[in-house]
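Here is the structure we will look at.
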Amino acid sequence: MIAGGITHTYFWRSNTYSRLSLSAASHNFETIVDSLSKANNSKIPNYRNNLTENYLTISFFLNHKMNSRSFVKTGFFLKGMGFKLDEQIYNNTDLALRTVTDFNGNTYLFQPYIQYQYKFNDALTLNTGLHAMYYGLNKDYSIEPRAGLKWSFAGNQSLNLGYGMHSQLNSISVYFRQSKMPDGSYQRLNENIGMLSSQHFVLGYDRNITEFVRIKAEVYYQYLAHAAVNGGINNYYSLLNEGANFGYATPDTLKATGTGYNYGIEFTLEHFLNKGFYYLLTASVFESKYKGSDKIERNTAFNGNYVINALIGKEFVLGNSKKEQKIKNILSFDIKTTYAGGQRYTPSNVLFNPFSGKYYREYDENKAYSLQYKDYSRTDLKITYRRNGRKITQEWGIDIQNVFNQTNVYAEKFNQKTGEKSFTNQIGIMIIPQYRIIF
């Protein structure tokens with residue numbers, strides 16, 4: 001990956017300024033997945049993906065202070081996108097790799113917006129805005145209103161209420177996925193599928209307990225629409241569950257009729273860096289549901305129901321002399337831990353095929369994502385020594401990931417010879433030495 005950019009800011013007058021940014025990026029990503037023949041351990045190609053993405057982005061905004069209470073900001077993002085994507089997956093019918101994506105072309109995404117802020121007084125502030133998206137590939141568009149109200153009271157406390165509509169493009173592999181037709185030709189049936197849209201509602205409370213400690217609580221609800229689901233048959237599939245693992249199960253034909261929702265409450269306790277000490281505690285309790293093309297409500301693959309994160313750290317400035325203090329040799333320790341509900345998965349029954357002499361799994365799609373792996377837990381410890389020089393900064397460190405060697409489930413695996421099911425675990429303890437130099 002390589003990226004670069006340039007930004008120009010111009011002050012038209014004391015209450016008005018603009019900013020123009022140009023950036024470019026290029027990214028190449030290649031995936032190779034192979035299997036082994038059970039007969040002679042020879043390599044069998046299973047999946048190939050070679051993706052090159054090139055982006056050229058222009059962004060511009062004009063910020064104007066109308067008076068002491070009113071601010072307006074308007075601008076746009078224009079992203080030119082060039083893709084070269086070759087994707088192949090093993091097909092059981094062809095007994096060979098089948099090309100499912102073969103695209104080499106360009107498109108663009110245009111996003112204009114306007115924001116307006118009005119301060120009724122020192123305690124009450126209203127933020128409103130209108131955002132739009134236009135996708136040149138299939139001429140799909142969205143218009144998204146947004147608004148937020150913040151009430152600061154008692155000096156160190158505030159309440160905020162917000163609403164926003166947001167849209168998101170699907171993965172590029174969805175738009176460019178090829179389907180094999182009865183006559184042997186290939187067509188991109190999903191190129192005109194619409195964007196995923198969501199409506200967010202949030203109510204939050206924020207309080208500064210001391211100068212360096214604050215607490216924050218939020219309740220939220222998110223409604224999802226136009227999610228891509230199976231367009232060929234009515235079943236449980238939804239693109240909302242993609243990314244839960246590295247499996248490839250996207251249907252050839254999709255339609256944007258799926259829905260989903262998320263709601264929950266989040267709590268944050270934060271100690272800002274002061275005298276080298278800091279900590280952060282977050283806790284979230286949530287529910288995540290969706291409907292596929294069969295219109296049956298189910299858990300999403302990500303519905304772990306809760307996540308708890310904790311981070312605590314301390315920095316020590318080494319040396320006593322003024323010269324050493326100025327150079328600032330710093331030794332720091334931080335420890336981070338996560339505890340979360342397990343990922344969802346679909347139950348399956350083991351059956352035997354007498355013709356092949358092998359066992360196979362039959363998934364109970366009616367109970368998709370009804371089971372849950374055991375809870376996830378992991379603790380990381382990082383120790384660093386940083387020397388801040390006059391011209392360069394050097395940092396040596398050691399990052400011990402999963403320091404207690406916790407066993408976390410990655411996926412369920414299946415043995416076709418014995419019919420036994422077991423679990424593949426994620427990586428255990430891993431020690432990573434680090435050195436960094438900053439000019």
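Please treat every number below as a calculation from the coordinates, not as lab data. This is a predicted model, so every value here is computed, not measured. Cβ: placed from backbone, ideal geometry, glycine included. Neighbour counts: every protein chain shown.
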> Near Asp380, within a Cβ-to-Cβ distance under 15 Å, what is the net charge of the other residues, with Lys and Arg +1 and Asp and Glu -1?
Replying inline: +1
> Between the DSSP loop rule and a limit of at most 16 other Cβ atoms within 10 Å, which GluC sites (Glu not before Pro) in region 188-230 are left?
Replying inline: Glu191, Glu211
> Just how large is the dipole of region 1-102 about the Cα centre, in debye to the nearest 20, putting +1 at every Lys and Arg Cβ and -1 at every Asp and Glu Cβ?
Replying inline: 780 debye
>> If you take Rg/Rh (Cα atoms, Kirkwood Rh) from the coordinates, which of [x] 1.15; [y] 1.00; [z] 1.17 do you get?
In response: [y]
>> Sort Asp122, Asp334 by Cβ crowding within 10 Å, fewest neighbours at the top.
In response: Asp122, Asp334
>> Using Cα-Cα distances under 8 Å and only pairs 6 or more residues apart, what relative contact order does the chain have, in percent?
In response: 7 percent
> Which ³J(HN,Hα) values in Hz, rounded to whole numbers, follow from the phi angles of region 200-209 under the Karplus curve 6.51 cos²θ - 1.76 cosθ + 1.60, where θ = phi - 60° and Gly and Pro get x?
Replying inline: 10, 10, 9, 10, x, 10, 10, 9, 8, 6
>> What do you get for trypsin sites (Lys or Arg not before Pro) in region 142-186 restricted to DSSP loop and a cutoff of at most 14 other Cβ within 10 Å of the site's Cβ?
In response: none
> So how much slack lies between Tyr435 and Asn92, counting 0.36 nm per residue of separation and subtracting their Cα-Cα distance, in nm?
Replying inline: 118.8 nm
>> Can you pull out the GluC sites (Glu not before Pro) in region 351-402 whose DSSP state is coil and whose Cβ has at most 16 other Cβ atoms within 10 Å?
In response: none
> What span do the alpha-carbon atoms of region 1-102 cover on each of the three principal axes, reported in whole Å from largest to smallest?
Replying inline: 78, 24, 20
>> If neighbour count is taken as other Cβ atoms inside 10 Å, put Val317, Val174 in order from fewest to most.
In response: Val317, Val174
> Hey, fewest Cβ within 10 Å first, where do His271, His27 land in order?
Replying inline: His27, His271
> Summing -39500 (n - 2.57) over the DSSP H runs of n ≥ 4 in the chain and dividing by its residue number, what mean residue ellipticity at 222 nm do you reach, to the nearest 500 deg cm²/dmol?
Replying inline: -500 deg cm²/dmol
>> If packing is taken as the average count of other Cβ atoms within 10 Å, what order do 40-46, 68-74 fall into, highest mean first?
In response: 68-74, 40-46
>> Need the C-alpha centroid separation for region 133-185 versus region 277-302, integer Å.
In response: 18 Å
